Amino acid sequence: MVKAGKLGLIMLGVAGVALACAIRYAWQPSIEPLLAPAPTGADTALVAHGEQVAEVGDCMYCHTANREKPFAGGMPLDTPFGVIYSTNITPDPDTGIGRWPLDAFTRALREGVSRDGHLLYPAFPYPHFTKMSDSDIAALYAYLMSVAPVSAPAHPNDLRFPLNFRPLVAGWNLLYLKTGELQPPDRSESPAWLRGRYLVEGAAHCASCHTPMNALGAEKNGEAFAGNLIDSWNAPPLNALTRAPKPWTHTQLVDYLRTGLASEHGAAAGPMLPVTQHLGNAPESDVEAIATYLMSLQPPPAPAQPASSREKASRTDDASAQSIRGGTLFASSCAGCHASEAPMREIGGSPALGLSSVLTSDSPRDAIHLVLQGNPWNGSATAHYMPPFADVLDDDQVDDLLAYLRTQYAQRPVWKDVSRTTAAIRKEIPQP
Ligand code: HEC
Ligand code: HEC
Ligand code: HEC
């Protein structure tokens, strides 16, 4: 989270610029509603294609607060500027988009402007959706018009001043929004690469979680896919996958993205879990293409570098007492599933903890989240389930456990400040 004071100052500066622009850009014309609700589901092939675009774009995840009412909105998105609620995109004529003509829908995705002309907040990833093709947008529209209408008025947002003043988004758009379809690169590339780039940069909006953000919540220039903090989870860099202890391969990436599990890297948890669940429903060739594009962003693998013996010695000294306590906790709470002889390893093909990016990362956040919240799994493979330990372990015990896992499994120096970070994360996680 950005410190509120600093943020306030920056915001005021931007407010000045934005107000100037506001006069020119902040009020967009309203697009007349359709007199009768848009026709639904006539072209079944178009609807089916739209559904697949929606899976890649994760539309349902953000636009569903109640599983029984898909796309009816109301899902809170926690941003550094306050809480924004997604809106109803079912074809309900009064509270949803049932009377939106296609050009209003296209303008929302390309420019972040609602049908009545108000500006939308970039928590809605229109800076990526703008890159989609007209035909994909039309298919999405046809699909959404075919889902069950739900009456659900928009939930008011809870944003801090001055961000609760929507016209300010005009300033943000002027600074950061590049509208329009993704342009082809100036070199020749394979069809799979081109398709992967189109999906990653557009509908799949991977960078919105995996790229560091500036103080105004825009992706930092020149740092694409370098990793980011999102919903208090650490979304790891996607431009160093070949620098993992076991470098990722194309096949492992496809497995991970389609099933949420890569045998030599770990399971998708937190905000990544729904992404993999939706990609599991997308065409396999699209996931293959995403992997092709991502693999092309990787640096060559680093030559293996044994840790210097001095570093090794100081690690064990620092951690020994703590790591012995952690080892005892591990034996009682975790080894039943995670020890090398544990049955789960055979059932689920669970990765060795030492290879898990969660433990080799520079940040302890995802490991803390996993230990506190466990890993829910709604699919059929029960073997992926990990129970939550928030009520079982206190902050110092989590610290001891992770010290043990870092030194004994990941062979890395212990993380600093784990107790304090654990206490902070406890306050951020949803209460059961
Ligand atoms: C990361 C979460 C997120 C994802 C993913 C997402 N949306 Fe949204 N969307 C939002 C939020 C939040 C808003 C409301 C923004 C506001 O009120 O300023 C919104 C608003 C909209 C609106 C404008 C509705 C209105 O009444 O003005 C449309 C249309 C829309 N989304 C369509 C989509 C489609 C189609 C997809 C998938 C391709 C999608 N969204 C994916 C979060 C998301
Ligand atoms: C809503 C935010 C979000 C979006 C969108 C998202 N990711 Fe992630 N991703 C995460 C988080 C958080 C993690 C860490 C999860 C964990 O620890 O299990 C992660 C983990 C990963 C990993 C594992 C990396 C490693 O080193 O273990 C890969 C690969 C990945 N994401 C690829 C993608 C791709 C490709 C896309 C776009 C199709 C994408 N992500 C979209 C949040 C996101
Ligand atoms: C009931 C079985 C079970 C227990 C008990 C359990 N885990 Fe897990 N754990 C899992 C599963 C399943 C996964 C996710 C998928 C996988 O790794 O196969 C997982 C994943 C993890 C990961 C991340 C590895 C990855 O997938 O990237 C860590 C770290 C972890 N567990 C630590 C612990 C710790 C520490 C404890 C004890 C406090 C513990 N687990 C107890 C089943 C369990």
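For the structure I just gave you, tell me whether residue 149 is part of a loop (DSSP other than H, G, I, E, B), in the same structural domain as residue 99 (by TED's automatic domain parsing) and open to solvent by 80 Å² or more (accessible area, probe 1.4 Å). Yes, satisfied. Residues that are in contact with an Asp or Glu (Cβ under 9 Å, 6 or more places away or on another chain), assigned to a helix (DSSP H, G or I) and at pLDDT 95 or above within segment 287-326 comprise just one, 293. Among the conditions (1) surrounded by fewer than 18 Cβ atoms within 10 Å (Cβ to Cβ); (2) outside any loop (DSSP other than H, G, I, E, B); (3) more than 8 Å from ligand 1 (Cβ to nearest atom), the only one that residue 77 does not satisfy is (3). Considering only residues in segment 198-221 that are part of a helix (DSSP H, G or I) and in contact with an Asp or Glu (Cβ under 8 Å, 6 or more places away or on another chain), the one that is farthest from residue 171 (Cα to Cα) turns out to be 199.
Determine if segment 186-195 includes at least one residue that is buried (at least 16 other Cβ atoms within 10 Å of the Cβ), within 17 Å of the chain's Cα centre (by Cα) and either in contact (Cβ under 8 Å) with a residue 24 or more places away in the chain or not in a loop (DSSP other than H, G, I, E, B) (or both).
Looking through segment 186-195, none of the residues is buried (at least 16 other Cβ atoms within 10 Å of the Cβ), within 17 Å of the chain's Cα centre (by Cα) and either in contact (Cβ under 8 Å) with a residue 24 or more places away in the chain or not in a loop (DSSP other than H, G, I, E, B) (or both).
Might you check whether a residue that is modelled with pLDDT of 85 or more and either of a type in the set (S, T, N, Q) or near ligand 3 (Cβ under 9 Å from one of its atoms) (or both) occurs anywhere in segment 338-356? No; the residues of segment 338-356 include none that is modelled with pLDDT of 85 or more and either of a type in the set (S, T, N, Q) or near ligand 3 (Cβ under 9 Å from one of its atoms) (or both).
Among residues of segment 232-248 being of a type in the set (S, T, N, Q) and not in a helix (DSSP H, G or I), the one that is nearest to ligand 2 (Cβ to nearest atom) is 234. Would you be able to tell me the number of residues in segment 243-280 that are within 16 Å of ligand 1 (Cβ to nearest atom) and in contact with an Asp or Glu (Cβ under 8 Å, 6 or more places away or on another chain)? Counting residues in segment 243-280 that are within 16 Å of ligand 1 (Cβ to nearest atom) and in contact with an Asp or Glu (Cβ under 8 Å, 6 or more places away or on another chain) gives 6.
State all residues of segment 100-111 that are within 8 Å of ligand 1 (Cβ to nearest atom) and either farther than 12 Å from residue 87 by Cβ or open to solvent by 30 Å² or more (accessible area, probe 1.4 Å) (or both); if no residue qualifies, say none.
100, 105, 109
Looking at segment 54-64, can you tell me whether even one residue there is away from ligand 2 (no atom under 16 Å from the Cβ), at pLDDT 95 or above and either aliphatic (A, V, I, L, M) or open to solvent by 30 Å² or more (accessible area, probe 1.4 Å) (or both)? No - not one qualifying residue is present in segment 54-64. When you scan segment 255-272, do you find a residue that is open to solvent by less than 60 Å² (accessible area, probe 1.4 Å), touching a Gly at 6+ places or on another chain (Cβ under 7 Å), modelled with pLDDT of 80 or more and assigned to a loop (DSSP other than H, G, I, E, B), even just one? Yes, segment 255-272 has at least one match.
Being in contact (Cβ under 8 Å) with a residue 60 or more places away in the chain and on the phi > 0 side of the Ramachandran plot narrows it down to one of 222, 202, 227, 260, so name that one. Selected residue: 260, the only one of 222, 202, 227, 260 that is in contact (Cβ under 8 Å) with a residue 60 or more places away in the chain and on the phi > 0 side of the Ramachandran plot. The set of residues in segment 84-133 being assigned to a helix (DSSP H, G or I) and among the hydrophobic types (A, V, I, L, M, F, W, C) consists of 102, 104, 105, 108, 109, 129.
The values are calculated or read from the model by the stated rules, or taken from the named source; none is laboratory data. This one's a predicted model, so the numbers in the text were calculated from it and none came from an experiment. Cβ coordinates were reconstructed from backbone atoms using ideal geometry, including for glycine residues, and neighbour counts include every protein chain displayed. These accessible areas exclude ligands, DNA and RNA; they are computed on the full protein's heavy atoms, side chains included. Shrake-Rupley method; radii C 1.70, N 1.55, O 1.52, S 1.80 Å.
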